[in-house]
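The values are calculated or read from the model by the stated rules, or taken from the named source; none is laboratory data. The structure displayed is predicted, hence computed values, not measured ones. In this analysis, Cβ positions are derived from the backbone assuming ideal geometry, glycine residues included, and neighbour counts consider all displayed protein chains.
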Amino acid sequence: MKKTNLKQYLLAKYGKRELEILAKLFSQKMKYIEQGKK
Amino acid sequence: MDILNFISWIKGRRVVTSVDPAKTLIPVGLKDNRRDDGYLASAITVTDLANQLGEPSVTFVQGTFDPQVQATMTPIPGTITYANGLVVFDRYRVQGTAYLSGAASYAYLIGVVVGSTPLLRVREDSTILATDTNVYDTVASAMNFNVLVKDGTGALISTLSAFIADDNTISSPDEHWFTLVMTAGAPFSADVSIDFTIAVPQGPVIEFFN
């Protein structure tokens, strides 16, 4: 449990392009939640 | 301090799986510089040793996606066993801090717990609030509560929502994205203390990334 850098983990597992898609998806879902559209 | 006999005790099948904590002694070596080997043989009861072992130290790590959040995950003692006795869960405590300022709503990533698709949310180390599903709302609504925060003028206002959500639909079912969500009717600021406990079935090695 010493590895803590999420970006490095996602980059190693999914690659740069997929990481960008995941980050965008997460951001969109969070906006949705913030706006109370659960 | 001579512990060679210890090996012969094991060979003699004198290994036990439970003891009376108040009446059982554990051999220990006390630092003693007057001895050639530097240690003096002594003993401590299981009760006294257990009382002396506190919670592990916690070092928060700044999040790479949301630097306003610092968090860490620590394994904690004890297990949760289902009534059928077949599934035993290990527990992990996620602790952290977050500073919120300048907006009326926040959704900050605390961290991603990786390694186990099944994952329970537990609170106060004992009460199971809800089992995780692939749907955001089940766990989040069970954990929701309102708190008072300071608005732009310094007055206290109540949040409309404040919860920690677990979403494992973003990347992979065994990757749980834990997020702090807080909203209010006006921009507000708050120092938030994050502290919750999760449980996963024994077996898989889980990791925490933030």
> Residues in region B:70-82 that are facing chain A (nearest Cβ under 10 Å) and either within 10 Å of the chain's Cα centre (by Cα) or not in a strand (DSSP E or B) (or both): how many?
Replying inline: 4
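Checking the structure you have, find out if any residue of region B:63-74 is loosely packed, with under 10 Cβ neighbours inside 10 Å and either touching a Phe, Trp or Tyr at 6+ places or on another chain (Cβ under 6 Å) or hydrophobic (A, V, I, L, M, F, W, C) (or both). Quick ask: steps written out before the conclusion?
First, pick out the residues of region B:63-74 that are loosely packed, with under 10 Cβ neighbours inside 10 Å: none.
Within region B:63-74, none of the residues are loosely packed, with under 10 Cβ neighbours inside 10 Å and either touching a Phe, Trp or Tyr at 6+ places or on another chain (Cβ under 6 Å) or hydrophobic (A, V, I, L, M, F, W, C) (or both).
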> Which numbered condition trips up B:G85, out of (1) exposed (fewer than 10 other Cβ atoms within 10 Å of the Cβ); (2) not in a loop (DSSP other than H, G, I, E, B)?
Replying inline: (2)
> What are the residue pairs meeting all of these: first residue in region B:140-155, first residue in the same structural domain as B:L120 (by TED's automatic domain parsing), second residue modelled with pLDDT under 70, Cβ atoms under 6 Å, and 6 or more apart or on different chains?
Replying inline: B:A142/B:L129; B:A142/B:A130
> Pairs under 6 Å by beta carbon, first residue at pLDDT 85 or above in region A:11-38, partner surrounded by 11 or more Cβ atoms within 10 Å (Cβ to Cβ) and of a type in the set (D, E, K, R), six or more apart or different chains?
Replying inline: none
>> Could you check region B:169-210 and list, in sequence order, the residues that are of a type outside the set (V, I, T), part of a loop (DSSP other than H, G, I, E, B) and either at pLDDT 85 or above or in contact with a Cys (Cβ under 6 Å, 6 or more places away or on another chain) (or both)?
In response: B:S171, B:S172, B:P173, B:D174, B:Q202, B:G203, B:N210
